[in-house]
Structures are given as C-alpha cells and as structure tokens.
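Enquirer: Supplied in structure tokens, the structure appears directly below.
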Amino acid sequence: MVTVITRASFFMLPDTVQMPSRVERGLKYAPACALAAIIAPGVLAHDGRVTIGWDNHQMWALIAATAVFAKTRNMMLMMAVGMGVLTALRLSS
C-alpha cells in the first residue's frame, strides 16, 4: 500500500499544486537512472566484485549496443548488435 500511495501521489495531487520546474526536469531522467541502476550491477559485477576488463563480454556488448543506439536510434538494431557481440565474444573464448 505504501508503494502505491507514494508512486500515485503525483497523480492524486490537485491541479492547483504545481511542482517546481527543477523537479519536473529532474523527473525526466528517472527512467534512465532506474534502468542504469538495474543493468549496471548485472553487467559490471561478477562474483560480488566489479569486473571491468577485456574478459567482461557483457560490458563490451553493452558498449557496442549503446554506440549503435546513439548513432541510429534503432532499438531492434541495438538489441541485435548487442546480442551478436555477446554471442561472438562468448564463442571466441
């Protein structure tokens, strides 16, 4: 119940209550921050420690997928490239 109330509180406020423009601008970044918080530990942490290096295949696949999406803005191509890089790296090792 607490989760529902806190998440729905913005929708239940009367129209006369306005959030400061800074808060509204900041809320635009919330989905990206939440996604990064979910993905980063899965990609960068293995066996309870941070793994950044040549043998972290997931990290390289994420970098390739991010670059493709930044260039093309095509979600399907991003997923295909990310999975292709990950598969190629796993098969080569």
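The values are calculated or read from the model by the stated rules, or taken from the named source; none is laboratory data. None of the values given here were measured: they were computed from a predicted structure. Here Cβ is always computed from backbone atoms with ideal geometry, including for glycine, and neighbour counts include all displayed protein chains. Side chains are part of the model used for accessible areas, which takes the heavy atoms of the whole protein and leaves out ligands, DNA and RNA. Shrake-Rupley method; radii C 1.70, N 1.55, O 1.52, S 1.80 Å.
Enquirer: Ignoring everything but the protein chains, give the 1.4 Å probe accessible area of Val68 in square angstrom, nearest 10.
Expert: Rounded to the nearest 10, the figure is 30 Å².
Enquirer: Further question on the same structure: Calculate for the chain the 222 nm mean residue ellipticity that helices alone would give, adding -39,500 (n - 2.57) per DSSP H run of length 4 or more and normalising by residue count, nearest 500 deg cm²/dmol.
Expert: Values: 5 runs with 67 residues, N = 93.
Helices in the chain give a 222 nm mean residue ellipticity of -23000 deg cm²/dmol.
Enquirer: Roughly what would the spin-label model give for Leu44 and Arg7, points 7 Å off Cα along C-beta, in nm?
Expert: That separation, rounded to one decimal, is 2.6 nm.
Enquirer: So, one more: For the chain, with only Lys/Arg (+1) and Asp/Glu (-1) charged at the beta-carbon, what is the dipole magnitude about the Cα centre, in debye rounded to 20? Write down the numbers at each step before the final one.
Expert: Working: 8 positive and 4 negative charges, 38 e Å.
Magnitude of the dipole: close to 180 debye.
Enquirer: If I require 18 Å or longer along the helix axis, counting alpha carbons, and a Kyte-Doolittle average no lower than 1.0, what helices from the chain are left? Use full DSSP H segments. The partial results should precede the final answer.
Expert: Working: long enough: 30-44 (21 Å, 2.03); 57-72 (22 Å, 0.83); 75-92 (25 Å, 1.66).
In the chain, the long hydrophobic H runs are 30-44, 75-92.
Enquirer: Per 5 Å bin from zero, what fraction in whole % of the C-alpha pairs of the range 19-61 is there, up to the bin with the longest pair?
Expert: Distribution as computed: 5, 21, 19, 15, 12, 9, 9, 7, 2, 0 percent.
Enquirer: Over the Cα atoms, compute the radius of gyration (one decimal) and Dmax (the largest Cα-Cα distance, rounded to a whole number) for the chain, in Å.
Expert: My reading of the Cα-based Rg and Dmax gives 18.9, 60 Å.
Enquirer: Moving on. Can you tell which of Leu44, Leu62, Leu35 shows the greatest fluctuation in a Gaussian network model of the chain with Cα springs below 10 Å?
Expert: Leu35
Enquirer: Still on this structure, please answer the following. Accessible area of the range 23-93 with a 1.4 Å probe: how many percent of it is carbon plus sulfur? Present the calculation step by step, with values, prior to reporting the outcome.
Expert: Values: 3830 of 5380 Å².
Ligands and nucleic acids excluded, carbon and sulfur reach 71 percent.
Enquirer: Explain nothing, just the number: relative contact order of the chain, from Cα pairs under 8 Å at least 6 residues apart, as a whole percent. Present the calculation step by step, with values, prior to reporting the outcome.
Expert: Values: 38 pairs, mean separation 16.4, N = 93.
Averaging sequence separation for qualifying contacts and normalising by length gives 18 percent for the chain.
Enquirer: Still on this structure: Under a 5 Å amide H to amide H cut-off, with H placed in plane at 1.01 Å, what residues pair with Thr51 once short-range neighbours are removed?
Expert: Amide H neighbours of Thr51: Ala45, His46.
Enquirer: Which one, Thr16, Thr51, Thr72, has the greatest fluctuation when you compute a Gaussian network model over the chain with C-alpha springs under 10 angstrom?
Expert: Evaluated over the chain, the most mobile residue of the options is Thr16.
Enquirer: Then there's this: Before I look further, what does the chain give for accessible area per residue, probe 1.4 Å, in whole square angstrom?
Expert: Details: 7680 Å² over 93 residues.
Heavy-atom SASA per residue in the chain reads 83 Å².
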